[in-house]
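Taking it in order: structure first as structure tokens, then the write-up.
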Amino acid sequence: PHARIVAEINRSHVGLLPYRPHPSTERCRPTKLFEYLAHGLPIISSINALWDAALQQHQAGLQMDFGRPVDGPALIAQLQRGAFYPAGAPAYALWTAEGKKLWLFLDSLN
């Protein structure tokens with residue numbers, strides 16, 4: 001259930017988007033990205049220009065190559081130094097406006 005997902009996000013320190021590079025995800029934004037943004041969870045994502053734009057816009061996290069070895073202590077230090085979401089979590093990530101548009105569209109079909 002979605003409430004359980006939100007509860008786990010709220011218990012977490014960082015959200016991971018470790019997608020392997022693939023044409024099917026290159027131009028898409030995973031739902032998890034919006035969930036993490038909406039709840040102000042710092043994000044570590046795979047390298048993807050589209051996702052990086054959202055991360056940079058909201059100072060929401062960083063990108064890394066999950067296929068390479070990671071210096072754990074350096075990564076932790078980088079996360080601890082981060083000032084994530086200085087303007088707060090973006091309201092658009094909850095899709096409130098899009099939900100209204102969807103209901104209007106569905107109502108127009110009757």
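The values are calculated or read from the model by the stated rules, or taken from the named source; none is laboratory data. In this text the structure is predicted, and so the values were computed from the model without any measurement. Here the Cβ is made from the backbone with ideal geometry for all residues, glycine too, and neighbour counts use every protein chain on show. For the accessible areas, the whole protein counts, side chains as well, though only heavy atoms, and no ligand, DNA or RNA atoms are used. Shrake-Rupley method; radii C 1.70, N 1.55, O 1.52, S 1.80 Å.
Among Gly40, Gly72, Gly88, the residue with the largest mean-square fluctuation in a Gaussian network model of the chain, with springs joining Cα atoms closer than 10 Å, is Gly72. The accessible-area ordering, largest first, of the residues His58, His13, His39, His2 stands as His13, His2, His39, His58, per a 1.4 angstrom probe. Considering only alpha-carbon pairs that sit under 8 angstrom and 6 or more positions apart, the relative contact order computed for the chain is 25 percent. Placing +1 on each Lys and Arg Cβ and -1 on each Asp and Glu Cβ, with no other charges, gives the chain a dipole about its Cα centre of roughly 80 debye.
The residues of the chain expose on average 71 square angstrom of accessible surface per residue, using a 1.4 Å probe on protein heavy atoms. For the chain, modelled as a GNM whose springs connect Cα atoms under 10 angstrom apart, the maximal fluctuation among Pro90, Pro69, Pro42 occurs at Pro69.
Derived value for the stretch 1-40: Kirkwood hydrodynamic radius 11.3 Å. Basis is the mean of 1/r over every pair of different alpha-carbon atoms. When the surface is traced with a 1.4 Å probe over the full set of protein chains, Val6 keeps roughly 30 Å² accessible. Debye calculation, C-alpha points only, no solvent: report log10 I(q)/I(0) for the chain at q = 0.15, 0.21 Å⁻¹, in the same order as the q values. Rounded to two decimals, the profile gives -0.71, -1.22.
Sorted by accessible area (1.4 Å probe), largest first, how do Phe84, Phe66, Phe105, Phe34 line up?
Working: Phe84 55, Phe66 80, Phe105 115, Phe34 30 Å².
In descending accessible area the options line up as Phe105, Phe66, Phe84, Phe34.
Distance between the pseudo-spin-label points of Gln59 and Ala7 (7 Å out from Cα toward the beta carbon): 3.3 nm.
Roughly to the nearest percent, how much of the accessible area of the stretch 1-102 is carbon and sulfur, given a 1.4 Å probe? Walk me through the numbers on the way to the answer.
On the way: 4020 of 6900 Å².
Using a 1.4 Å probe with all protein chains present, the stretch 1-102 comes out at 58 percent carbon and sulfur.
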